[in-house]
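Step one of this worksheet: look at the structure below.
The values are calculated or read from the model by the stated rules, or taken from the named source; none is laboratory data. In this text the structure is predicted, and so the values were computed from the model without any measurement. Cβ sites come from the backbone with ideal geometry, for glycine too, and all protein chains shown count toward neighbours. SASA here: full protein model, heavy atoms, side chains in, ligands and nucleic acids out. Shrake-Rupley method; radii C 1.70, N 1.55, O 1.52, S 1.80 Å.
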Amino acid sequence: MKIAVMSCIHSNYEALDAVLVDIDKHSCEKIYCLGDLVGYGPYPNEVVAQIRSLNIPTVAGCWDEDIVEALNSCECSFPSLLAEKRGKIAHEWTNKEILPENRQFLAQLPDTFREGNIAFVHGSPHSNHEYLLPELDAFVALERVLSTESDVLFCGHTHVPYVRTLDGGSLQVRTKGENGQEEERHFTAPLKKIVNVGSVGEPRHGRPHATYVIYDTDTQEVTLREVPYDYQKTVRGIIEKGLPAIFAWRLAQGMEFAERADDPSHVCTR
């Protein structure tokens, strides 16, 4: 069976529509979404309504969670005061714009779910705000997959797609027993895989194309799809809605941007 997995739509309806058309062309039997339906972009209600109408299984993203809890600021670290200010503007705007029924939908999204030997999360099984970067320590990466009791872990949050195979091996864990004495446990972990599906609505891999993944559950083949779309429509929407113009520039570039408020070397990592 072929499934499609997408993430980080970020209120970009044009990108979502293009990805759904591409998914249909490839005859995927099921679609999963890894959250961050809102944030940054100009069309939060349109995006949430589309996901709702198609009954796409979706986990909560960090932006979805923060809008529901009225935190007004993503817990991901800001590299500068200027970046924090822009993030708060986007949160405040989205919080005012989102319709009650769409807020309610975001509120009931789970943090994680499984289908057979596959697990779906936004950031990591530990937190919607944790980044599973491709260079993450292999032991930590393996622990994250093992904690889901699955063989394949799909995630997003970084906006940069990758596939990482964690070779099977012998692990040694030292714990303290009930009597206070240290105990060593040895076990063998089979081959596991982490698949980051990138971002539909705000890609940061160097091109403005939306990304998602097609996964064949029979062959375990992972296919990364890049989908061109009319991103200029979303750029105009960002400007017209009064959101920070830097979001439009970043979208068009498909990349992060340097923050110069405090230090020219600061780079946004959100």
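None of Glu84, Glu46, Glu101, Glu97 is modelled with pLDDT under 95 and of a type outside the set (Ser, Thr, Tyr) except Glu84.
Scanning segment 89-110 for residues that are among the charged types (D, E, K, R) and crowded, with 17+ Cβ neighbours inside 10 Å yields one hit, Arg103.
The residues in segment 205-235 that are assigned to a loop (DSSP other than H, G, I, E, B) and either open to solvent by less than 20 Å² (accessible area, probe 1.4 Å) or in contact with a helix residue (DSSP H, G or I) (Cβ under 7 Å, 6 or more places away or on another chain) (or both) can be counted, and the count is 3.
Give the number of residues within segment 24-47 that are in a strand (DSSP E or B) and touching a residue at least 40 places away in the same chain (Cβ under 8 Å).
Residues that pass the stated criteria total 1.
For segment 128-142, residues that are farther than 23 Å from Glu69 by Cβ and buried (at least 19 other Cβ atoms within 10 Å of the Cβ) total 2. Please specify each residue of segment 236-258 satisfying the condition of being touching a helix residue (DSSP H, G or I) at 6+ places or on another chain (Cβ under 9 Å), at pLDDT below 95 and not in a loop (DSSP other than H, G, I, E, B). Result: Ala245, Ile246, Phe247, Ala248, Trp249, Leu251, Ala252.
Only one residue in Glu46, Glu29, Glu69 is within 24 Å of Leu132 (Cα to Cα) and surrounded by fewer than 24 Cβ atoms within 10 Å (Cβ to Cβ), so which one is that? Going through Glu46, Glu29, Glu69 in turn, just one is within 24 Å of Leu132 (Cα to Cα) and surrounded by fewer than 24 Cβ atoms within 10 Å (Cβ to Cβ): Glu69.
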